[in-house]
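Just so it is clear, none of the values below were taken in a lab; they were calculated from the coordinates. Keep in mind that this is a model prediction, so the values were computed, not measured.
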C-alpha cells in the first residue's frame, strides 16, 4: 500500500546564521497530575535512562 503524501514544496535543509556561537542551556522537566477534587496523588516516581552528563 502506498503512503499518501502532499505536493507542498519543503526545503531539504536550512542555514541559520547567528552573531554568537550557540550554547546549551539548562532544561527543567515539571510533571504534575491533573487537578481534581476527587483525586489525590499517593505516590510517584520517575526513572530516566541513560543518565545525564552535566557540564
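Under the 0.36 nm per residue contour assumption, what length would be gained going from the current alpha-carbon distance of residue 47 and residue 32 to full extension? Don't skip to the end; give the middle numbers.
Working: separation 15, 0.36 × 15 = 5.40 nm, distance 1.52 nm.
3.9 nm is the gain from fully extending residue 47 to residue 32.
Per residue, how big is the convex hull around the C-alpha atoms of the chain? Give it to me in cubic angstrom, could you?
350 Å³
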